[in-house]
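Here the structure is laid out as structure tokens; the discussion comes afterwards.
The values are calculated or read from the model by the stated rules, or taken from the named source; none is laboratory data. Not measured: the values here are computed from a predicted model. For neighbour counting, all protein chains shown are included, and Cβ atoms are generated from backbone atoms with ideal geometry for every residue, glycine included. Protein only, heavy atoms only, side chains kept; ligands, DNA and RNA dropped before computing areas. Shrake-Rupley method; radii C 1.70, N 1.55, O 1.52, S 1.80 Å.
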Amino acid sequence: MPLRIDALSAALARQVTAWLEGALLLSPAPVGGAPALCVRIAALAPRDEPTAPPPAANGLIFVRPQALPDGLVGLDLPHARCRIDPATGAAELALAETWWRAPLKLQQEAWLLTLAWLLRPRGRYALHASAVVRAGRGLVLAGESGSGKSSAALSLIQHGWGWLADDLILLHDEAAPRLSGLARGFAFDPVLGERLSWAVAKPAAGKAFADPEALLPGRRVDSCRPAALLFPRVVAGASRLARLSPAAALVALLPASGGVVAAGGGAHARAQMAALGALVRTAPAYRLDAGPDIFGEGAALESLLAAHGLRFDGDTAEAG
């Protein structure tokens, strides 16, 4: 794999290796002939631990980076401090002792944000979104935490769809937009876990956590072409879809790109904006008012998509 992990001691290396497996994280797929990414793990002294809390609503992908000398990027995270050299594809992630007791979801996001910054110069851009797949085409659900994107995605997975990733996907800077993912686990409303009869853990903040690969093996895909975009929001009434223009979809996608697109400027920011523009021109976008009738009911959501011309039962998904 192109991701290399170094640690300052053998004991720390064993601890990190065990954590990565338990956190259900994946290494990024190769980026052409690009050299391997490297994350060096160090211990963070208590006096150096950042004190700023994470954003309450949108997760760590919205942590704003610091511009450091020599082109480095700094991230002060809960229980960790990261220093990234985007030019060389190397980062040092210093972990406080409290890191190992932090909620799994927070640990996941800190790791994924580090990888997102390493991958950005290589033409892979983070989106705060989930993605599911059928017939080789991807359905992207983008939105902030609590918008229902993970629950809607899991409802479709239970109904037979494949899946790419939850919460953070990567948009590739290619002639035709392509997506990949870095994490296996899904975080969602525990009530949905009960409706799906899945054995799930509850890591923190009222979220259940599950690994679809363990429950429904053979469904995960490494990458896909996006066929449609959904921007869900939870409502009390019946579910419905409303078509968005490409311009409106781009505006809705910008918050899902978090601080990564907002910082740094220059060629990388322009390339990322161009990739987002290509995505909204390629894939039709819809606002999804997600009511209780679709959560845990993948067939109902699939029927709603089909009623708007979004059919994923052939080689392509077509929007009417």
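Just a few scattered comments:
- For Arg4, the amide hydrogen comes within under 5 Å of the amide hydrogens of Leu37, Cys38, Val39, counting only partners 5 or more places away or on other chains and with H modelled in the peptide plane.
- For Leu77, residues with placed amide H under 5 Å, excluding near neighbours: Cys82
- Area accessible to solvent at His159, 1.4 Å probe radius, in Å²: 70
- Per-residue Karplus couplings for the stretch 170-177, computed as 6.51 cos²θ - 1.76 cosθ + 1.60 with θ equal to phi - 60°, are listed in order as 10, 9, 8, 7, 9, 4, 10, x Hz, Gly and Pro entered as x.
- Highest mean packing comes first when the peptides 164-173, 231-240 are listed by Cβ atoms within 10 Å, giving 164-173, 231-240.
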